[in-house]
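What follows is one structure encoded as structure tokens, with my remarks underneath.
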Amino acid sequence: MDLALQEAVAAGERGEVPIGAVVVHDTTVVGAAGNRTREFNDPTAHAEVLAIREACGNLEQERLGGCDLYVTLEPCTMCAAAISFARIRRLYFAADDPKGGAVVSGVRFFASPTCHHAPDVYPGIGEREASRLLKSFFVEKRG
């Protein structure tokens, strides 16, 4: 989670919402990213999606069944779907997102009968630091 938090800090420094994600295969990082939606003018450029894309490219496969994803904020519906389609084995996330989350909040994507694959989910890992980072970012943005 420390690496995901580093990616989140870097995203915040670029003016992006500070969310970071890291994909790990065995003990090797195979994908890492922070949000880049503003930089890329791409609403799908969430940290999770970018990290999954990088991991798939590095492993030269479309499925990541032996991989775990660490992310600093509860994934949204789009990212939860990407996690499902990529067949991520385990999802670790830091802070809950009652407004936009889709894992333990909102639509609870992985509990849906139409979900093809649900990872094992471990919430609250690094929650304090991730929450602090997000809150300070928005306090600064709003003045």
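The values are calculated or read from the model by the stated rules, or taken from the named source; none is laboratory data. Just so we're clear, the structure is a prediction, and the values are computed from it rather than from any experiment. All Cβ positions, even for glycine, are placed from backbone atoms using ideal geometry, and neighbour counts span all protein chains on display. The area values use the complete protein model at the heavy-atom level, side chains included, leaving out ligands, DNA and RNA. Shrake-Rupley method; radii C 1.70, N 1.55, O 1.52, S 1.80 Å.
Scanning segment 84-143 for residues being touching a helix residue (DSSP H, G or I) at 6+ places or on another chain (Cβ under 7 Å) and among the aromatic types (Phe, Trp, Tyr) gives a total of 3. Summed over segment 44-76, residues that are closer than 19 Å to residue 134 by Cβ and not acidic (Asp, Glu) total 13.
Answer with yes or no whether residue 133 is open to solvent by less than 30 Å² (accessible area, probe 1.4 Å) and farther than 17 Å from residue 48 by Cα.
yes
Residues in segment 119-130 that are farther than 15 Å from residue 21 by Cα and either surrounded by fewer than 18 Cβ atoms within 10 Å (Cβ to Cβ) or out of contact with any Phe, Trp or Tyr (no Cβ under 9 Å at 6 or more places or on another chain) (or both): 120, 128. Scan segment 62-73 and give yes if some residue there is in contact with an Asp or Glu (Cβ under 7 Å, 6 or more places away or on another chain) and more than 15 Å from residue 29 (Cβ to Cβ), otherwise no. Yes, segment 62-73 has at least one match. Note on segment 4-113: enclosed helices (runs of 4 or more DSSP H) holding 3 or more residues that are under 11 Å from the mean Cα position of the chain (by Cα) and buried (at least 24 other Cβ atoms within 10 Å of the Cβ) are 47-59, 77-86.
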